[in-house]
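The values are calculated or read from the model by the stated rules, or taken from the named source; none is laboratory data. Values in this document were obtained by computation on a predicted structure and should not be read as measured data. When we count neighbours, we look across all protein chains shown, and the Cβ atoms used for this are built from the backbone with ideal geometry, even at glycine. Just so you know, the surface numbers come from the protein's heavy atoms only, side chains and all, with ligands and any DNA or RNA stripped out. Shrake-Rupley method; radii C 1.70, N 1.55, O 1.52, S 1.80 Å.
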Amino acid sequence: MADLLTSPLHDRHVALGATLGEFGGWSMPLTYPAGTVAEHSSVRDAVGVFDVSHLGKLAITGPGAAAFVDRCLTADLGKIGPGQAQYTLCCTGSGGVVDDLIVYLVGPDEVLAVPNAANAARVAELLRAAAPAEVTITDRHRDLAVLAVQGPKAAEVLVTVLPGAADLAGMDYMAFADVAGVRVCRTGYTGERGYELLVPADDAPGVWDALLAAAEPLGGGPAGLAARDTLRTEMGYPLHGQDLSEEITPVQAGSGWAVGWSKPEFWGREALLAEKEAKPARRLRALRATGRGVPRAGMAVLVDGAQVGTTTSGTFSPTLKTGIALALIDTAAGVALDDVVAVDVRGRALECTVVKPPFVPSHVR
(Lines give C-alpha, C1' and ligand atoms only; values in the text may rest on other atoms or scores of the structure.)
Protein backbone atom coordinates (compact mmCIF):
# COMPACT_ATOMS: atom_id res chain seq x y z
CA MET A 1 0.00 0.00 0.00
CA ALA A 2 3.05 2.23 -0.50
CA ASP A 3 1.43 4.31 -3.23
CA LEU A 4 -1.71 5.11 -1.25
CA LEU A 5 -2.41 8.46 0.36
CA THR A 6 -2.44 8.47 4.14
CA SER A 7 -4.40 10.36 6.76
CA PRO A 8 -2.64 12.85 9.07
CA LEU A 9 -3.43 10.21 11.72
CA HIS A 10 -1.78 7.30 9.94
CA ASP A 11 0.94 6.88 12.57
CA ARG A 12 -1.70 6.90 15.31
CA HIS A 13 -3.59 4.06 13.60
CA VAL A 14 -0.42 2.00 13.18
CA ALA A 15 0.45 2.52 16.86
CA LEU A 16 -3.04 1.36 17.86
CA GLY A 17 -2.59 -1.86 15.88
CA ALA A 18 -5.20 -1.03 13.25
CA THR A 19 -5.76 -3.27 10.24
CA LEU A 20 -5.48 -0.94 7.25
CA GLY A 21 -7.33 -1.13 3.94
CA GLU A 22 -7.61 0.82 0.70
CA PHE A 23 -10.46 3.31 0.31
CA GLY A 24 -10.57 5.55 -2.74
CA GLY A 25 -6.79 5.64 -3.03
CA TRP A 26 -6.21 6.09 0.71
CA SER A 27 -4.85 3.72 3.33
CA MET A 28 -7.41 3.88 6.16
CA PRO A 29 -8.17 1.87 9.32
CA LEU A 30 -10.60 -1.01 8.77
CA THR A 31 -10.67 -2.15 12.37
CA TYR A 32 -8.67 -2.05 15.60
CA PRO A 33 -7.71 -4.96 17.87
CA ALA A 34 -11.05 -4.90 19.73
CA GLY A 35 -12.74 -5.95 16.48
CA THR A 36 -15.58 -4.70 14.32
CA VAL A 37 -18.43 -5.99 16.50
CA ALA A 38 -17.01 -4.34 19.64
CA GLU A 39 -16.47 -1.07 17.77
CA HIS A 40 -20.00 -1.22 16.34
CA SER A 41 -21.47 -1.85 19.79
CA SER A 42 -19.50 0.99 21.37
CA VAL A 43 -21.07 3.40 18.87
CA ARG A 44 -24.58 2.08 19.56
CA ASP A 45 -24.11 2.07 23.36
CA ALA A 46 -21.54 4.79 24.13
CA VAL A 47 -19.29 6.52 21.60
CA GLY A 48 -16.88 5.74 18.81
CA VAL A 49 -14.28 7.97 17.15
CA PHE A 50 -13.65 7.52 13.42
CA ASP A 51 -10.99 8.92 11.13
CA VAL A 52 -12.68 9.64 7.80
CA SER A 53 -10.04 12.00 6.46
CA HIS A 54 -10.13 10.22 3.11
CA LEU A 55 -13.38 12.10 2.37
CA GLY A 56 -12.91 14.93 -0.12
CA LYS A 57 -13.10 18.61 0.73
CA LEU A 58 -13.89 21.15 -1.98
CA ALA A 59 -14.15 24.85 -1.19
CA ILE A 60 -16.48 26.55 -3.69
CA THR A 61 -16.13 30.32 -3.41
CA GLY A 62 -16.91 33.52 -5.24
CA PRO A 63 -19.93 35.70 -5.99
CA GLY A 64 -23.02 33.49 -6.25
CA ALA A 65 -21.18 30.28 -5.31
CA ALA A 66 -24.19 28.84 -3.46
CA ALA A 67 -26.56 29.58 -6.34
CA PHE A 68 -24.10 27.89 -8.71
CA VAL A 69 -23.94 24.75 -6.55
CA ASP A 70 -27.74 24.74 -6.38
CA ARG A 71 -27.92 24.67 -10.19
CA CYS A 72 -25.66 21.62 -10.28
CA LEU A 73 -26.57 19.31 -7.38
CA THR A 74 -29.94 17.72 -6.69
CA ALA A 75 -31.04 18.99 -3.28
CA ASP A 76 -32.64 22.42 -2.89
CA LEU A 77 -29.96 24.55 -1.25
CA GLY A 78 -32.53 27.31 -0.82
CA LYS A 79 -34.20 25.25 1.92
CA ILE A 80 -31.31 25.76 4.33
CA GLY A 81 -29.46 28.82 5.56
CA PRO A 82 -25.86 29.69 6.46
CA GLY A 83 -24.59 27.43 9.23
CA GLN A 84 -26.50 24.42 7.92
CA ALA A 85 -25.41 21.38 5.92
CA GLN A 86 -27.31 19.29 3.39
CA TYR A 87 -27.09 15.81 1.91
CA THR A 88 -27.21 16.02 -1.88
CA LEU A 89 -26.32 14.14 -5.07
CA CYS A 90 -24.16 14.89 -8.07
CA CYS A 91 -25.85 13.24 -11.05
CA THR A 92 -25.09 12.62 -14.71
CA GLY A 93 -27.34 13.89 -17.48
CA SER A 94 -28.96 10.44 -17.59
CA GLY A 95 -29.76 10.50 -13.88
CA GLY A 96 -27.03 8.20 -12.58
CA VAL A 97 -25.21 9.21 -9.42
CA VAL A 98 -21.60 10.40 -9.76
CA ASP A 99 -21.47 10.80 -5.98
CA ASP A 100 -23.47 11.54 -2.87
CA LEU A 101 -22.03 14.23 -0.66
CA ILE A 102 -22.59 16.72 2.15
CA VAL A 103 -22.46 20.44 1.41
CA TYR A 104 -21.89 23.05 4.09
CA LEU A 105 -23.55 26.40 3.32
CA VAL A 106 -21.24 29.03 4.79
CA GLY A 107 -22.96 31.88 2.96
CA PRO A 108 -24.15 32.94 -0.50
CA ASP A 109 -20.56 33.16 -1.71
CA GLU A 110 -19.06 30.10 0.01
CA VAL A 111 -19.92 26.40 0.11
CA LEU A 112 -17.78 23.51 1.35
CA ALA A 113 -18.52 20.18 -0.35
CA VAL A 114 -17.48 16.84 1.18
CA PRO A 115 -17.65 14.10 -1.47
CA ASN A 116 -16.46 10.51 -1.18
CA ALA A 117 -12.73 9.93 -1.60
CA ALA A 118 -12.96 7.91 -4.82
CA ASN A 119 -15.15 10.52 -6.49
CA ALA A 120 -13.72 13.79 -5.16
CA ALA A 121 -11.59 14.51 -8.23
CA ARG A 122 -14.49 13.76 -10.60
CA VAL A 123 -16.89 16.00 -8.69
CA ALA A 124 -14.30 18.78 -8.69
CA GLU A 125 -13.75 18.35 -12.43
CA LEU A 126 -17.49 18.56 -13.18
CA LEU A 127 -17.95 21.64 -11.00
CA ARG A 128 -14.93 23.40 -12.52
CA ALA A 129 -16.16 22.69 -16.04
CA ALA A 130 -19.55 24.24 -15.23
CA ALA A 131 -18.43 27.11 -12.98
CA PRO A 132 -18.71 30.72 -14.11
CA ALA A 133 -15.45 32.66 -14.17
CA GLU A 134 -16.09 34.30 -10.81
CA VAL A 135 -16.53 30.98 -8.94
CA THR A 136 -13.44 29.03 -7.84
CA ILE A 137 -13.27 25.36 -6.78
CA THR A 138 -10.31 24.70 -4.48
CA ASP A 139 -9.24 21.18 -3.52
CA ARG A 140 -8.61 21.10 0.24
CA HIS A 141 -8.35 17.31 0.46
CA ARG A 142 -4.98 17.33 2.21
CA ASP A 143 -5.53 20.52 4.22
CA LEU A 144 -8.28 19.15 6.45
CA ALA A 145 -8.79 15.97 8.43
CA VAL A 146 -12.31 14.70 9.12
CA LEU A 147 -13.07 13.01 12.44
CA ALA A 148 -16.48 11.57 13.31
CA VAL A 149 -17.60 11.27 16.93
CA GLN A 150 -20.69 9.07 16.98
CA GLY A 151 -22.90 7.60 19.68
CA PRO A 152 -25.21 8.58 22.55
CA LYS A 153 -22.25 10.00 24.51
CA ALA A 154 -20.76 11.93 21.58
CA ALA A 155 -21.73 15.37 22.91
CA GLU A 156 -20.14 14.55 26.25
CA VAL A 157 -16.85 13.81 24.50
CA LEU A 158 -16.90 17.03 22.47
CA VAL A 159 -17.71 19.24 25.46
CA THR A 160 -14.70 17.73 27.23
CA VAL A 161 -12.33 18.27 24.30
CA LEU A 162 -13.29 21.54 22.60
CA PRO A 163 -13.17 24.81 24.54
CA GLY A 164 -16.48 26.65 24.20
CA ALA A 165 -18.31 23.57 22.91
CA ALA A 166 -21.02 23.54 25.59
CA ASP A 167 -23.69 24.62 23.08
CA LEU A 168 -22.95 21.69 20.76
CA ALA A 169 -25.07 19.31 22.82
CA GLY A 170 -28.18 21.19 21.73
CA MET A 171 -27.14 21.79 18.13
CA ASP A 172 -29.82 21.05 15.54
CA TYR A 173 -29.35 18.12 13.18
CA MET A 174 -27.33 19.14 10.09
CA ALA A 175 -26.27 22.44 11.67
CA PHE A 176 -22.60 23.35 11.95
CA ALA A 177 -20.47 25.83 13.89
CA ASP A 178 -16.82 26.79 14.10
CA VAL A 179 -15.44 26.08 17.58
CA ALA A 180 -11.82 26.52 18.65
CA GLY A 181 -10.59 26.33 15.06
CA VAL A 182 -12.65 23.22 14.29
CA ARG A 183 -15.79 23.11 12.11
CA VAL A 184 -18.28 20.86 13.90
CA CYS A 185 -21.38 19.52 12.14
CA ARG A 186 -24.23 17.63 13.82
CA THR A 187 -24.38 14.82 11.33
CA GLY A 188 -23.11 11.32 10.79
CA TYR A 189 -23.41 8.03 8.97
CA THR A 190 -24.12 5.66 11.85
CA GLY A 191 -27.72 6.31 12.86
CA GLU A 192 -26.62 7.62 16.27
CA ARG A 193 -26.34 11.16 17.53
CA GLY A 194 -23.06 12.32 16.16
CA TYR A 195 -20.73 15.06 15.03
CA GLU A 196 -18.25 15.36 12.22
CA LEU A 197 -15.23 17.55 12.79
CA LEU A 198 -13.27 19.29 10.05
CA VAL A 199 -9.86 19.86 11.58
CA PRO A 200 -6.73 21.50 10.11
CA ALA A 201 -4.46 18.57 9.20
CA ASP A 202 -1.61 19.73 11.45
CA ASP A 203 -3.94 19.86 14.45
CA ALA A 204 -5.60 16.51 13.82
CA PRO A 205 -3.27 14.27 15.89
CA GLY A 206 -3.77 16.37 19.01
CA VAL A 207 -7.53 16.47 18.56
CA TRP A 208 -7.64 12.71 17.92
CA ASP A 209 -5.65 12.00 21.09
CA ALA A 210 -7.95 14.23 23.14
CA LEU A 211 -11.09 12.63 21.70
CA LEU A 212 -9.88 9.11 22.51
CA ALA A 213 -8.85 10.18 26.03
CA ALA A 214 -12.33 11.59 26.62
CA ALA A 215 -14.11 8.60 25.04
CA GLU A 216 -12.32 5.83 26.93
CA PRO A 217 -13.80 6.51 30.41
CA LEU A 218 -17.26 6.53 28.78
CA GLY A 219 -16.83 3.06 27.29
CA GLY A 220 -15.81 4.31 23.87
CA GLY A 221 -12.75 4.19 21.65
CA PRO A 222 -11.52 4.23 18.07
CA ALA A 223 -13.73 2.69 15.39
CA GLY A 224 -12.72 1.69 11.88
CA LEU A 225 -14.40 1.79 8.51
CA ALA A 226 -15.64 -1.82 8.80
CA ALA A 227 -17.83 -0.78 11.76
CA ARG A 228 -18.88 2.32 9.86
CA ASP A 229 -20.15 0.00 7.13
CA THR A 230 -22.12 -2.29 9.45
CA LEU A 231 -23.59 0.75 11.22
CA ARG A 232 -24.71 2.44 8.01
CA THR A 233 -26.14 -0.80 6.64
CA GLU A 234 -28.29 -1.20 9.77
CA MET A 235 -29.66 2.26 8.97
CA GLY A 236 -30.30 1.40 5.32
CA TYR A 237 -28.01 4.26 4.25
CA PRO A 238 -26.66 3.83 0.71
CA LEU A 239 -22.99 3.43 -0.08
CA HIS A 240 -21.89 4.96 -3.36
CA GLY A 241 -20.51 2.34 -5.71
CA GLN A 242 -22.87 -0.29 -4.31
CA ASP A 243 -26.36 1.10 -3.58
CA LEU A 244 -25.94 4.27 -5.63
CA SER A 245 -23.87 4.59 -8.80
CA GLU A 246 -23.91 5.96 -12.32
CA GLU A 247 -26.10 2.93 -13.13
CA ILE A 248 -28.33 3.26 -10.02
CA THR A 249 -30.41 6.44 -9.92
CA PRO A 250 -31.77 8.14 -6.80
CA VAL A 251 -35.29 7.16 -7.91
CA GLN A 252 -34.29 3.49 -7.93
CA ALA A 253 -32.34 3.80 -4.66
CA GLY A 254 -35.14 5.48 -2.72
CA SER A 255 -33.07 8.67 -2.41
CA GLY A 256 -35.63 10.92 -4.09
CA TRP A 257 -35.97 12.79 -0.79
CA ALA A 258 -32.54 14.30 -1.62
CA VAL A 259 -33.82 15.73 -4.90
CA GLY A 260 -35.37 19.20 -5.16
CA TRP A 261 -38.01 18.15 -7.64
CA SER A 262 -39.46 21.64 -8.00
CA LYS A 263 -36.07 23.24 -8.76
CA PRO A 264 -35.82 24.55 -12.33
CA GLU A 265 -32.30 23.25 -12.83
CA PHE A 266 -29.91 20.55 -11.63
CA TRP A 267 -27.80 17.94 -13.40
CA GLY A 268 -29.97 15.00 -14.51
CA ARG A 269 -33.27 16.77 -13.82
CA GLU A 270 -35.11 15.79 -17.00
CA ALA A 271 -34.05 12.14 -16.85
CA LEU A 272 -34.98 11.81 -13.18
CA LEU A 273 -38.35 13.49 -13.62
CA ALA A 274 -39.12 11.14 -16.50
CA GLU A 275 -38.11 8.07 -14.48
CA LYS A 276 -40.14 9.21 -11.50
CA GLU A 277 -43.19 9.72 -13.71
CA ALA A 278 -42.82 6.38 -15.48
CA LYS A 279 -41.97 4.51 -12.24
CA PRO A 280 -38.52 2.91 -11.98
CA ALA A 281 -37.90 -0.60 -13.32
CA ARG A 282 -36.27 -1.57 -10.04
CA ARG A 283 -36.21 -0.36 -6.45
CA LEU A 284 -33.85 -0.72 -3.52
CA ARG A 285 -35.36 -2.90 -0.79
CA ALA A 286 -34.21 -3.86 2.70
CA LEU A 287 -33.97 -7.59 3.50
CA ARG A 288 -33.69 -9.21 6.93
CA ALA A 289 -32.62 -12.86 7.09
CA THR A 290 -34.94 -15.20 8.96
CA GLY A 291 -32.49 -18.12 8.91
CA ARG A 292 -28.78 -18.56 9.53
CA GLY A 293 -26.53 -17.02 6.91
CA VAL A 294 -25.16 -13.67 5.85
CA PRO A 295 -26.06 -12.09 2.52
CA ARG A 296 -23.29 -10.16 0.79
CA ALA A 297 -23.26 -7.76 -2.14
CA GLY A 298 -23.77 -9.26 -5.59
CA MET A 299 -25.98 -12.20 -4.63
CA ALA A 300 -29.12 -13.17 -6.54
CA VAL A 301 -32.51 -12.46 -4.97
CA LEU A 302 -35.04 -15.16 -5.84
CA VAL A 303 -38.81 -15.61 -5.80
CA ASP A 304 -39.99 -19.15 -6.48
CA GLY A 305 -36.53 -19.94 -7.79
CA ALA A 306 -36.47 -17.15 -10.38
CA GLN A 307 -34.08 -14.22 -10.02
CA VAL A 308 -35.86 -10.91 -9.39
CA GLY A 309 -32.96 -8.82 -8.18
CA THR A 310 -29.45 -8.56 -6.77
CA THR A 311 -28.12 -7.56 -3.36
CA THR A 312 -26.09 -4.36 -3.36
CA SER A 313 -24.94 -4.41 0.29
CA GLY A 314 -25.05 -7.17 2.86
CA THR A 315 -23.60 -7.90 6.29
CA PHE A 316 -24.15 -9.49 9.67
CA SER A 317 -25.99 -7.04 11.93
CA PRO A 318 -24.25 -6.95 15.33
CA THR A 319 -27.33 -5.29 16.84
CA LEU A 320 -29.92 -7.72 15.48
CA LYS A 321 -27.61 -10.78 15.45
CA THR A 322 -28.79 -11.72 11.98
CA GLY A 323 -27.97 -11.11 8.32
CA ILE A 324 -29.28 -7.97 6.60
CA ALA A 325 -29.03 -6.64 3.07
CA LEU A 326 -30.06 -3.98 0.61
CA ALA A 327 -31.11 -5.25 -2.80
CA LEU A 328 -32.29 -3.86 -6.11
CA ILE A 329 -35.45 -5.77 -6.97
CA ASP A 330 -37.39 -5.62 -10.25
CA THR A 331 -40.59 -3.63 -9.83
CA ALA A 332 -42.39 -6.07 -12.14
CA ALA A 333 -41.82 -8.85 -9.59
CA GLY A 334 -44.41 -7.20 -7.32
CA VAL A 335 -42.34 -7.76 -4.18
CA ALA A 336 -43.85 -5.82 -1.25
CA LEU A 337 -43.15 -5.20 2.44
CA ASP A 338 -43.34 -8.33 4.60
CA ASP A 339 -42.95 -10.61 1.58
CA VAL A 340 -40.45 -13.46 1.87
CA VAL A 341 -37.72 -13.80 -0.75
CA ALA A 342 -34.58 -15.91 -0.93
CA VAL A 343 -30.98 -14.84 -1.35
CA ASP A 344 -28.65 -17.30 -3.06
CA VAL A 345 -25.79 -17.52 -0.56
CA ARG A 346 -23.20 -19.71 -2.30
CA GLY A 347 -25.84 -22.08 -3.63
CA ARG A 348 -28.03 -22.13 -0.52
CA ALA A 349 -31.36 -20.29 -0.41
CA LEU A 350 -31.39 -17.94 2.59
CA GLU A 351 -34.93 -16.82 3.41
CA CYS A 352 -35.29 -13.08 4.03
CA THR A 353 -38.22 -10.83 4.83
CA VAL A 354 -38.65 -7.52 3.02
CA VAL A 355 -38.69 -4.83 5.70
CA LYS A 356 -38.85 -1.06 5.87
CA PRO A 357 -35.49 0.55 6.70
CA PRO A 358 -33.90 1.35 9.01
CA PHE A 359 -33.29 -2.09 10.44
CA VAL A 360 -32.77 -0.55 13.90
CA PRO A 361 -34.23 2.69 15.33
CA SER A 362 -32.54 5.91 14.26
CA HIS A 363 -31.20 8.25 16.92
CA VAL A 364 -29.55 10.80 14.64
CA ARG A 365 -31.86 13.58 15.76
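What the table below lists for this structure:
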quantity: Per residue accessible area in Å² of the stretch 132-249, where ligands, DNA and RNA are left out and the probe is 1.4 Å; calculated: 36
quantity: Backbone HN-Hα couplings from phi across the stretch 12-17 [Karplus 6.51/-1.76/1.60, Hz, Gly and Pro as x]; calculated: 5, 5, 4, 5, 7, x
quantity: The stretch 286-346, accessible area per residue, ligands and nucleic acids excluded (1.4 Å, Å²); calculated: 45
quantity: Spatial separation of Cα centroids for the stretch 92-156 and the stretch 165-217, in angstrom; calculated: 18
quantity: Charge dipole (the chain, unit charges on Cβ, about Cα centre) - positive-most of Tyr32, Ala332, Phe316; calculated: Ala332
quantity: Over the stretch 241-358 - Rg/Rh using Cα atoms and the Kirkwood inverse-distance radius; calculated: 1.02
quantity: Surface share of carbon and sulfur [accessible, 1.4 angstrom probe, percent] for the chain; calculated: 52
quantity: At 1.567 mPa s and 4 °C, Stokes D of the stretch 1-73 from Kirkwood alpha-carbon radius, µm² per second; calculated: 88
quantity: In Å², nearest 10: area of Met235 left accessible to a 1.4 Å probe; calculated: 10
quantity: The chain pair-distance distribution - Cα-Cα, 10 Å bins, rounded %; calculated: 5, 24, 32, 26, 11, 1, 0
quantity: Structure-based [θ]222 nm, the chain - -39500 (n - 2.57) summed over DSSP H runs of at least 4, per residue, nearest 500; calculated: -6000 deg cm²/dmol
quantity: Listed residues Phe266, Phe316 arranged by accessible area, highest first, probe 1.4 Å; calculated: Phe316, Phe266
quantity: Reference-scaled alpha-carbon Rg (2.2 N^0.38 Å with N residues) for the stretch 38-138; calculated: 1.18
quantity: Lys, Arg +1 and Asp, Glu -1 on Cβ, resulting dipole of the chain about Cα centre, debye, nearest 20; calculated: 840
quantity: The stretch 26-116 - charge dipole about Cα centre, Lys and Arg +1 at Cβ, Asp and Glu -1, debye rounded to 20; calculated: 60
quantity: Cα-centred dipole magnitude for the stretch 136-250, charges only on beta-carbon of K, R (+1) and D, E (-1), debye, nearest 20; calculated: 180
quantity: Probe 1.4 Å - accessible area at Leu9, Å² to nearest ten; calculated: 0
quantity: Within a Gaussian network of the chain (alpha carbon springs, distance under 10 Å), most fluctuating of Val106, Val303, Val161; calculated: Val303
quantity: Distance cut-off 20 Å, percentage of C-alpha pairs in the stretch 141-206 lying past it; calculated: 19
quantity: Accessible surface, the stretch 1-73, averaged per residue in Å² (probe 1.4 Å); calculated: 36
